[in-house]
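Below is one structure; the comments refer to it alone.
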Amino acid sequence: RDKKDISRSLKKRPVSRRRSCEKHTKTETFQDNITLPFSPLLTDSFGRRHSYLRISLTEKCNLRCQYCMPEEGVKLTPRGQLLSISEIMTLARLFVREGVDKIRLTGGEPLIRPDVLDIIAELRKLEGLKTIAVTTNGMNLARLLPRLKHAGLDLINISLDSLVPAKFEFIVRRKGFHKVMEGIDKALDMGFNPVKVNCVVMRGVNEDELLDFVALSEKKPLEVRFIEYMPFDGNKWNFKKMVSYQEMLDHIRQQWPNLEMLQTGHTDTAKTFKVPGFQGQMGFITSMSDHFCGSCNRLRITADGNLKVCLFGNSEVSLRDLLRSGASDAELLHTIGAAVGRKKKQHAGMFSISQMKNRPMILIGG
Ligand code: SAM
Ligand code: SF4
């Protein structure tokens, strides 16, 4: 059967969801077309298997990006109410046991958390966890990279929104352009592959640098990822400031008409392209103009311990409170399974999202 048939039949027959203590089932889903054990608890009512967990390590940051951190700042959760390393590990262990094979550490800025190396080293010990990734603003990266690699880090995404130092400072409201570039170069030198560079594209701010970012991938084996500007609380999003995937692509194609589209995996979020002859490539994260909710395999845990099943949904459940009330693994899994079961088919669309109450991005962990 082809992917569409399987997907259609899954939609007709809702996937049966069982209680935590029941055994893993062997199922075939449209997400990968191969038979693998996967927890029904992490499979939602649309057949999506959630094998990728993003954990926010902190609400703090050493930058103040306009699209992420509200101008007036955010009210920080008291330290005692944030997840400790042992709570993070308890949850990570549970999720990995249920089939999560990739964990990304994010924030705030994950590399300012003092125990980040210990967290990575502990995660590395989890059998079944194939990939440990970090998304960072790159400010502390060059200094930490050898220790991050030694602790077991596999993948790095580095955020960089401008190649012009003064504009970088305007966007992130701090200095640091050269430190980030140093971090990117060091990641490449140390053989991280791929090194992804995340660039949030905003009209009137950095859309004039698209071609320069693509050119960066000529000599460096980077994947530059252009991210559509998304609305979150306090980030002053408006439709006119968003540059759509199609617009970016049209612009880039005028310079490089022979752009090749590359094959991607079913759960990959980026549409990827390559200029023939360039060492690197580019990707587009089209969450606003062409969402990929149908193949979403992500769950998120905020630094204060809430499980968020959708980046753009405001329903959350506190795993921290459950943990601290002495809940058993089975009880935790039951709550997690119920939250996954309530996950909506897709997000509400950018205009509704922009009117909706959610967290500022810095308190979610992108
Ligand atoms: N501090 C780290 C960093 O900047 O890479 C990790 C946290 S940051 C919230 C994760 C990613 O979300 C970054 O790549 C950032 O560019 C992206 N991001 C934040 N706000 C966004 C927005 N409004 N629209 C699109 N992407 C956004
Ligand atoms: Fe900090 Fe990252 Fe948000 Fe920028 S995008 S303010 S670096 S958390």
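The values are calculated or read from the model by the stated rules, or taken from the named source; none is laboratory data. What you see is a predicted model, and the numbers here were worked out from it, not measured in a lab. Because the Cβ atoms are built from the backbone with ideal geometry, glycine has one as well, and the counts that use them run over all protein chains shown.
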Anything in the range 45-57 that is in a loop (DSSP other than H, G, I, E, B), surrounded by fewer than 23 Cβ atoms within 10 Å (Cβ to Cβ) and of a type outside the set (A, V, I, L, M, F, W, C)? List them, or say none. Ser45, Gly47
Residues of the range 328-343 being under 18 Å from the mean Cα position of the chain (by Cα) and either within 10 Å of Phe312 (Cα to Cα) or not aliphatic (A, V, I, L, M) (or both), in sequence order, are Lys343
Could we say that Ala330 is in contact with a Cys (Cβ under 6 Å, 6 or more places away or on another chain) and modelled with pLDDT of 95 or more here? yes
Please specify each residue of the range 325-336 satisfying the condition of being surrounded by 13 or more Cβ atoms within 10 Å (Cβ to Cβ) and either farther than 22 Å from Pro40 by Cβ or polar (S, T, N, Q) (or both). Thr335
What are the residue pairs meeting all of these: first residue in the range 339-362, first residue in contact (Cβ under 8 Å) with a residue 12 or more places away in the chain, second residue surrounded by 16 or more Cβ atoms within 10 Å (Cβ to Cβ) and polar (S, T, N, Q), Cβ atoms under 7 Å, and 6 or more apart or on different chains? Gly341/Ser45; Pro360/Asn235; Met361/Asn235
State all residues of the range 107-119 that are farther than 16 Å from Ile301 by Cβ and either in contact with a strand residue (DSSP E or B) (Cβ under 6 Å, 6 or more places away or on another chain) or of a type in the set (Gly, Ala, Ser) (or both); if no residue qualifies, say none. Leu111
Checking the condition touching a Gly at 6+ places or on another chain (Cβ under 9 Å), more than 30 Å from Leu53 (Cβ to Cβ) and modelled with pLDDT of 95 or more, which residue from Phe168, Phe177 passes? Phe168
Between a residue in the range 157-169 that is free of Cβ contacts under 8 Å to residues at least 40 places away in the same chain and over 19 Å from Ala187 (Cβ atoms) and any residue that is within 15 Å of ligand 1 (Cβ to nearest atom) and part of a helix (DSSP H, G or I), which pairs come within a Cβ distance under 6 Å, given they are 6 or more apart or on different chains? Pro165/Phe177
Pairs under 6 Å by beta carbon, first residue more than 16 Å from ligand 1 (Cβ to nearest atom) in the range 105-129, partner charged (D, E, K, R), six or more apart or different chains? Leu117/Arg147
Might you let me know whether the range 141-153 holds any residue that is touching a Cys at 6+ places or on another chain (Cβ under 8 Å), surrounded by 17 or more Cβ atoms within 10 Å (Cβ to Cβ) and within 23 Å of Pro194 (Cα to Cα)? no
If you go through the range 61-72, how many residues are within 10 Å of ligand 1 (Cβ to nearest atom) and out of contact with any Cys (no Cβ under 9 Å at 6 or more places or on another chain)? 5
Of Lys240, Lys236, the only residue that is modelled with pLDDT under 95 and either in a helix (DSSP H, G or I) or away from ligand 2 (no atom under 16 Å from the Cβ) (or both) is Lys240
By residue number, the members of the range 244-286 that are within 18 Å of Ile227 (Cβ to Cβ), polar (S, T, N, Q) and at pLDDT below 90 are Thr264, Thr267, Thr269
Give the number of residues within the range 260-284 that are more than 13 Å from ligand 1 (Cβ to nearest atom) and either within 19 Å of the chain's Cα centre (by Cα) or surrounded by 18 or more Cβ atoms within 10 Å (Cβ to Cβ) (or both). 14
Matching option when the condition is charged (D, E, K, R) and either within 16 Å of ligand 2 (Cβ to nearest atom) or within 28 Å of Leu332 (Cα to Cα) (or both), among Lys149, Lys130: Lys130
